[in-house]
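Before any comments, here is the structure.
The values are calculated or read from the model by the stated rules, or taken from the named source; none is laboratory data. Worth saying up front: this structure is predicted, and the values here are computed from it rather than measured. Don't worry about glycine lacking a Cβ; one is built from the backbone with ideal geometry, like all the others, and counts go over all protein chains shown.
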Amino acid sequence: MYSLRKIVFILLLIGLLPKISFSQTGGKNSFEFINLPGNAHVAGIGGMNISTYDRDVNMVWQNPALLRDTMNHFLSVSYIPFFASVKGGSVSYSHKFKKVGTLAMGVQYINYGSMTERDETGNDLGTFRPQDLALMVAKSHTIGAFTLGGTLKYVSSSIISTYNSSALMMDAGGIFRHPIHDFTIGLAIKNVGLALKKYNKDAPARAPFDVQLGTTYKFEHIPFRLSLTAHHLYKYDIAYLDTTQNKKYDLDGKEILQKKTVADKVLPHFIIGSEFLLSKNLHVHFAYNFQRRLEMRLTNKAGGAGFSWGIMFRIKWLEFDFSRSTYSLAGGKNWVSLAMDVNRLFGK
């Protein structure tokens, strides 16, 4: 009965999530930084992945059900030099407590650099440093082949001292692991939010709600792991159509209205991630993000938009991960992560 009550509670919660969330897509959300990949591993496999069951504590940000009881004293630190002077990073740590079991904790931030504040007449009022911050704690519980998990997050966004906002968010996730084959299916309902403070009374504060479904399969006789992740499943059409580009006209000179195809509406939901597990100490990542490709490409040239790659190598107790994601013809950005098992560091 104990397990049954848990399952019923989770099903009821899932049914209520779309009602208590306050999100939309299309640039209308607050706290969008929480969806940026905060570490090199996730960036290298496409930016989203909720089903890769690995020893990486960073994956808990993607799906709390990926937290494992064996992740005791796992620590990861990441640094991300975004465009211009924008920089970000994250710290994730897992610890096994005697009474509550294994918890994952983390912080993720983005600093947008120094900017000049001016009044409506252009007078210099000094400088300010806008920044975003997220704190999280996660817990999971395994029942047979299934693992359920939850994450509680506090997020804040500050532009100037008098213009800031904050919210509480929650993620709920589940993982099914095949008892024989290296095959997983994951489901995550993310960023269900409750606004604590708005920028001002008239400004909306919508959390970037998302429902994601993913699967990962490690081929039995090939050192290759393949993932397919689908996001924004609560909304069919998430494609952006720029009606100012590629205009076409009929013989009478009238503009032919552009229409989205089924592929335009379906493909942006998917991310394909792959990993070559060349050895225990050397992994290579490649990925393709359909939405990033479609939205960031130029009209007549796409370049490498949507592609990402990375490499992880391990030397004794230290794990180094580097990834690069290409957003447009303007180039790509790098992610660097260092991870370690603190027990091994101190010889325990």
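Of note:
- Residue among SER94, SER114 that alone is in contact (Cβ under 8 Å) with a residue 24 or more places away in the chain and under 18 Å from ASP171 (Cα atoms): SER94
- Number of the exception - GLY310 against (1) closer than 26 Å to TYR236 by Cβ; (2) in contact with a helix residue (DSSP H, G or I) (Cβ under 6 Å, 6 or more places away or on another chain): (1)
- Yes/no for ILE159 being modelled with pLDDT under 95 and surrounded by fewer than 16 Cβ atoms within 10 Å (Cβ to Cβ): no
- Any hit, the stretch 231-239, residues being surrounded by fewer than 20 Cβ atoms within 10 Å (Cβ to Cβ) and outside any loop (DSSP other than H, G, I, E, B): no
- Residue in the stretch 136-146 that is closer than 16 Å to VAL86 by Cα, in contact with a Lys or Arg (Cβ under 7 Å, 6 or more places away or on another chain) and not in a strand (DSSP E or B) present: no
- Some residue of the stretch 70-84 being part of a helix (DSSP H, G or I) and farther than 25 Å from PHE146 by Cα: no
- Residue count, the stretch 85-99 (criterion: within 19 Å of the chain's Cα centre (by Cα) and in a loop (DSSP other than H, G, I, E, B)): 1
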